[in-house]
Every structure is written in C-alpha cells, then in structure tokens.
Amino acid sequence: MAYQTILVVDDEHHIVEVVQDYLKQAGYRTLSASDGQTALTIARHERPDLVVLDLMLPGDIDGMDVCRSLRQDPVLAETPIIMLTARVEEMDRVIGLELGADDYVTKPFSPREVVARVRAVLRRARRDGPPASAINIGELAIDLVNRSVTVGGKPVSLTPTEFDLLAVLARNPGRPFTRAQLMDLIYDVAYAGYDRAIDSHIKNLRRKIEPDPREPRYVLTVYSVGYKMSNLEI
C-alpha cells in the first residue's frame, strides 16, 4: 500500500510530534523539519504529497521563503501547502496565500483540524472532472480530467486551490460569484469568515494566466460582488 507523505515543518517540537501522531493515525507517512533549509532539502529529496508549513521559522530561511522556493521549483511547484501561523494580522495570511499556499490554520489549533484540512487539500489535488471534459476560453484551455491548464499552448502550473477556483469560474462563464460562494464551492472545510483569501488566489491566478494581470481578460472583477469568468470567444 502506498502512503501519502506529509512534511511537517515547525520549530516547536511538541507541535510537530502531535501533528505527526494525528497524521500517522489517519494513515499518512510523515516527515519533519525544524528550519527552512532542512525543509527544502527534505522536500527536494522526498517530494512529499503535501507540506504543513509554519511561517515563523528560525534562521535565514523562514516559512515565507520556503513557500516561495517551493513554488519556484519546477518539480515541487504544484505541491500543496498548508500554512501554520500564530500571526493574527490579516496581511500575514494574505502574503502567505499570495506566495501560493493553498490553505492556512491559525495557532492555537486542533490537530484534528489540521488532519481535516490535509485531507481536504489532497482531495482537491487529485479530484477528477467529468470524463472528456475541457473548457476553452480564448487562448485559455482547461483540461478538467487531467487538471491541466495551458495559455496559448504553453502549460501553466497551478496549485490545487487555484485550479479549483479557475474550474468553478470557467464552468459558469459570465456568472458572478461572491467570495463567500467561491469559498463554499472550493473548500471542503469551512473557514472562519476569512473570505478575502479568495482575493489572494485570484491575484495569483491572474498572474499566471492573464496576458496583463492589471487588465484581466479572463477572470473579471464584479465590483461590490466578487468575480466572474469572461464569456469571450476569441
């Protein structure tokens, strides 16, 4: 039996032990690191299925640096990341999400919540669309079966959350969605009122698929509502 591997990165050893224990009980193989450099070395060698990453790490490489490096690595770019953070400021969560994290959990947390979010993110990472289903909008091509995206024939690397967000919008071109509606549709575990996380994912998505993210042609803002997918046919 092949076990999915979760890398837990935190400098608080008791947190690592508790999270690892709960993940092992849930059937996952676990690895751990207490600093950013070790986390990157293990990730590149072991290629985990998901990384649980604390933002506040000691040394020269903090959690933000680790997240940024993973997203820039061609092999690990699509590895799901769940942030652990004790920071209460919204901007810290926004920065982490804009760097490409898929989800976040704020300390103090329940280990069961971490396991639930791990399951949810991994489900999104492997979720299949309908058979032989694809969507083409302009030069944007979305393969819902293989969960792949190209723009002008060039492949685009999206995180699981970014892909699910794009798929929801693309399946409903021209239909406006509120941030809360999008969160309900793409997240399997409810958030505690932080629907502005959608803005961070939209910003990342536009950066990857739009010819000019400042003047988007695919993912459009509906002011005072949220977002919609253009129904243009070019």
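Rounded to the nearest 500, what is the 222 nm mean residue ellipticity of the chain from helices alone, with -39500 (n - 2.57) per DSSP H run of 4+ residues and division by all residues? Spell out each step's value before the answer.
Numbers: 8 runs with 92 residues, N = 234.
After summing the helix terms and dividing by residue count, I get -12000 deg cm²/dmol.
Which of PHE177, PHE163 has the fewest other C-beta atoms within 10 Å, and how do the rest follow up to the most?
Working: PHE177 21, PHE163 24.
So the residues, fewest neighbours to most, are PHE177, PHE163.
Past the 21 Å Cα-Cα mark, which pairs from LYS154/LYS228; LYS107/LYS203; LYS154/LYS208? Display every interim value, and only then the final one.
Values: LYS154/LYS228 23 Å; LYS107/LYS203 26 Å; LYS154/LYS208 11 Å.
Pairs exceeding 21 Å: LYS154/LYS228; LYS107/LYS203.
Kindly put VAL16, VAL225, VAL51 in sequence by how many other C-beta atoms sit within 10 Å of each C-beta, fewest to most. Intermediate values should be presented prior to the final figure.
Details: VAL16 19, VAL225 12, VAL51 27.
Neighbour counts put them in this order, fewest first: VAL225, VAL16, VAL51.
Just report the Cα centroid separation between segment 202-234 and segment 44-114, whole Å.
Here the two parts' Cα centres lie 25 Å apart.
Measuring from a point 7 Å past the Cα of LYS203 along Cα-to-C-beta, which residues in segment 31-66 have an amide N at less than 16 Å?
64-65
Write down the percent of antiparallel bridges among all DSSP beta bridges whose residues are both part of segment 5-126, to the nearest 5. Don't skip to the answer; put the middle values down first.
Numbers: 0 of 17 bridges.
Restricted to segment 5-126, the bridges split so that about 0 percent are antiparallel.
Ordered by residue, what ³J(HN,Hα) values in Hz, to whole numbers, does segment 211-225 give under the Karplus form 6.51 cos²θ - 1.76 cosθ + 1.60, where θ = phi - 60° and Gly and Pro are x?
My calculation for segment 211-225 gives x, 9, x, 6, 10, x, 10, 9, 8, 9, 7, 10, 4, 6, 10 Hz in order.
What number do you get for segment 1-148 when its Cα radius of gyration is normalised by 2.2 N^0.38 Å, N = residues? Walk me through the numbers on the way to the answer.
Working: Rg = 15.9 Å, N = 148, 2.2 N^0.38 = 14.7 Å.
Against the compact-globule rule of thumb, the ratio is 1.08.
For the chain, which longest stretch is free of loop sites, where a loop site is one of the trypsin sites (Lys or Arg not before Pro) that DSSP puts outside H, G, I, E and B and that has at most 14 other Cβ atoms within 10 Å?
Working: sites that count: ARG127, ARG196, ARG214.
For trypsin sites (Lys or Arg not before Pro) (loop position, at most 14 other Cβ atoms within 10 Å), the longest site-free span of the chain is 1-126.
Each value in this text was obtained by applying a stated rule to the coordinates, not by laboratory testing. Note that the structure is a prediction, hence the values are computed from the model and not measured. Methodologically, a virtual Cβ is constructed for each residue, glycine included, from the backbone with ideal geometry; neighbour enumeration extends over all protein chains shown.
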